[in-house]
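Let me begin by presenting the structure, written as structure tokens, before commenting on it.
The values are calculated or read from the model by the stated rules, or taken from the named source; none is laboratory data. Just so we're clear, the structure is a prediction, and the values are computed from it rather than from any experiment. We place every Cβ from the backbone using ideal geometry, glycine too, and count neighbours over all the protein chains shown. Quick note on the areas: whole protein, heavy atoms, side chains included, nothing else; ligands and nucleic acids left out. Shrake-Rupley method; radii C 1.70, N 1.55, O 1.52, S 1.80 Å.
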Amino acid sequence: MATGETILTFKDVCFEYAPLKPLLTNANFTIKEGSKVTIMGQNGAGKSTILKLINQTLFPTSGSIHLRNRLAVSTAMQTIPPEDREKTVYQFFLKHVHGAESGLSGRISNVLQQVDLPDIAHDR
């Protein structure tokens, strides 16, 4: 797979939660492999909606969204649900990875190392 390959495309994507109250109108963008992307905007501008469209928990009213085959998309929650607050890092991710448990400790350790946090992934 070549660097710079398109991994996500929004083409004329429209989305509305209620009729005649559009949140996105003809959104168009492409993200290439290796890109670093920031989504910024005021509250209610549609940032979380865009992530939900990418994760396919919401679907566009019109237009199309194309994800590269086998692309894994992850997002972090803004808050941890009360029922998960007593879990270890490993237990939390085990609950939320849905079928990607293989090598989970190593992946957690790698991410923690990249952000200069102590490796607590083994606290099961």
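Testing Ala45 on (1) within 29 Å of Ser105 (Cβ to Cβ); (2) modelled with pLDDT of 85 or more; (3) outside any strand (DSSP E or B); (4) open to solvent by less than 90 Å² (accessible area, probe 1.4 Å), one condition comes back false. Which one is that?
Single failed check for Ala45: (1).
Please determine, by comparing only the residues of region 22-42 that are in a loop (DSSP other than H, G, I, E, B) and of a type outside the set (Gly, Ala, Ser), which one is most open to solvent (accessible area, probe 1.4 Å).
Lys36
Lys11 passes all but one of (1) basic (Lys, Arg); (2) in a strand (DSSP E or B); (3) at pLDDT below 90; which number fails?
(3)
Does region 48-92 hold any residues that are closer than 19 Å to Ile7 by Cα, in a loop (DSSP other than H, G, I, E, B) and free of Cβ contacts under 8 Å to residues at least 24 places away in the same chain, and which are they?
The answer is Asn55, Gln56, Thr57, Phe59, Asn69, Arg70, Val73, Ser74.
I'm checking my understanding of the structure. Among residues of region 86-105 that are over 19 Å from Pro118 (Cα atoms) and among the charged types (D, E, K, R), which one is surrounded by the fewest Cβ atoms within 10 Å (Cβ to Cβ)?
It comes out as Glu101.
Only one of these conditions is not met by Phe93: (1) touching a strand residue (DSSP E or B) at 6+ places or on another chain (Cβ under 6 Å); (2) aromatic (Phe, Trp, Tyr); (3) within 28 Å of Val111 (Cα to Cα). Which number is it?
Going through the list (1) touching a strand residue (DSSP E or B) at 6+ places or on another chain (Cβ under 6 Å); (2) aromatic (Phe, Trp, Tyr); (3) within 28 Å of Val111 (Cα to Cα), Phe93 breaks only (1).
Within the bounds of region 67-88, is there any residue that is modelled with pLDDT of 90 or more and within 16 Å of the chain's Cα centre (by Cα)?
Checking region 67-88: at least one residue is modelled with pLDDT of 90 or more and within 16 Å of the chain's Cα centre (by Cα).
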